[in-house]
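Notes for the one structure printed next.
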Amino acid sequence: MIRKVTSGPIRDKERTKLKLLSAVGSILKKDGFTGLNVSNVAKKANVHRKLIYDYFGGMENLVKDYLNGKDYFKVSLDQIDEIMESSKTDFGRQMAYTLLENQFDALMENEEMRRIINWGLSENLKPLVELNQERERLGELFFSQITDDYFKDKDKNFRAIEGILVGGIYYMTLQAKMSGETMCGIDINTTEGKSEMKKAIKQIVEWAYS
């Protein structure tokens, strides 16, 4: 029987990279983006800081790799094709809501994602800018291929409507989870409050298509 290789330069490098990526997430959740620097990440991962440069070329690339693995809004090429195809039957009505609902749930349930969004609002860091540009690119595909044609002769700007909803979801979820505050008296940390907000989001999308 062939013995499984559990160590060696390649395996050790991959393990160290995973430790560094995990350290970024741990620091981000505990201390926020202000705690992210070479010294803190290396200490948390229990490795020499030189390895950050050897394996990633520096903090910026380390952060970029971390973000690429933690963006809960990213979809694969296969998923994009599936989304576009399934959206054609109702001109994107259901998908418009589903994407917003998924965004709402991701931000409510995952602290790392909330920290990433908050970080992006506070820092003009290249990896964060690129991450937002990628989301915009995917959104542009949805609008240009599915919804723009449907709304071109209507008096509603669906891009603007979706933009307001996305921004509202960002603010509501960050406020609810980071400060525990309510929004217009609705506590989305409760099942009832969360349900009411999702219901309202769906009603707005339905109104836009009516």
Inset, instruction - Among the residues of segment 143-163, write down those that are in contact with a helix residue (DSSP H, G or I) (Cβ under 9 Å, 6 or more places away or on another chain) and of a type in the set (Ser, Thr, Tyr). - result: Thr147, Tyr150
Legend entry - Single residue of segment 188-210 satisfying the filter (over 22 Å from the mean Cα position of the chain (by Cα) and touching a residue at least 40 places away in the same chain (Cβ under 8 Å)) that is surrounded by the fewest Cβ atoms within 10 Å (Cβ to Cβ): Glu206
Legend entry - Among (1) among the polar types (S, T, N, Q); (2) at pLDDT 85 or above; (3) open to solvent by 40 Å² or more (accessible area, probe 1.4 Å) - the single one Asn118 does not satisfy: (2)
Inset, instruction - Just one of (1) open to solvent by less than 80 Å² (accessible area, probe 1.4 Å); (2) farther than 19 Å from Ser210 by Cβ; (3) among the polar types (S, T, N, Q); (4) at pLDDT below 95 trips up Ser87, so point out which. - result: (2)
Inset, instruction - Using the structure shown, decide if Ser179 is within 26 Å of Leu28 (Cα to Cα) and either touching a Lys or Arg at 6+ places or on another chain (Cβ under 8 Å) or of a type outside the set (Phe, Trp, Tyr) (or both). - result: yes
Inset, instruction - Hey, could you check segment 121-148 for residues that are free of Cβ contacts under 8 Å to residues at least 12 places away in the same chain and more than 18 Å from the chain's Cα centre (by Cα) and say which is surrounded by the most Cβ atoms within 10 Å (Cβ to Cβ)? - result: Asp148
Inset, instruction - Return a yes/no flag: does segment 179-187 have any residue that is open to solvent by less than 70 Å² (accessible area, probe 1.4 Å) and in contact (Cβ under 8 Å) with a residue 40 or more places away in the chain. - result: no
Inset, instruction - Select from segment 32-53 the residues that are open to solvent by less than 80 Å² (accessible area, probe 1.4 Å) and of a type outside the set (A, V, I, L, M) and list them in ascending order. - result: Gly32, Phe33, Gly35, Asn37, Ser39, Asn40
Legend entry - Tally of residues being over 14 Å from Lys70 (Cα atoms) and in a helix (DSSP H, G or I) across segment 28-49: 13
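For segment 159-178, which positions are over 20 Å from Glu136 (Cβ atoms) and surrounded by 15 or more Cβ atoms within 10 Å (Cβ to Cβ)? First the steps, then the outcome.
Filtering segment 159-178 for residues over 20 Å from Glu136 (Cβ atoms) gives 172, 175-178.
Met172, Ala176, Lys177, listed by residue number.
The values are calculated or read from the model by the stated rules, or taken from the named source; none is laboratory data. As the structure is a computational prediction, the values presented were derived from the model and not from experiment. Cβ: placed from backbone, ideal geometry, glycine included. Neighbour counts: every protein chain shown. Only protein heavy atoms, including side chains, enter the accessible area calculation; ligands, DNA and RNA are left aside. Shrake-Rupley method; radii C 1.70, N 1.55, O 1.52, S 1.80 Å.
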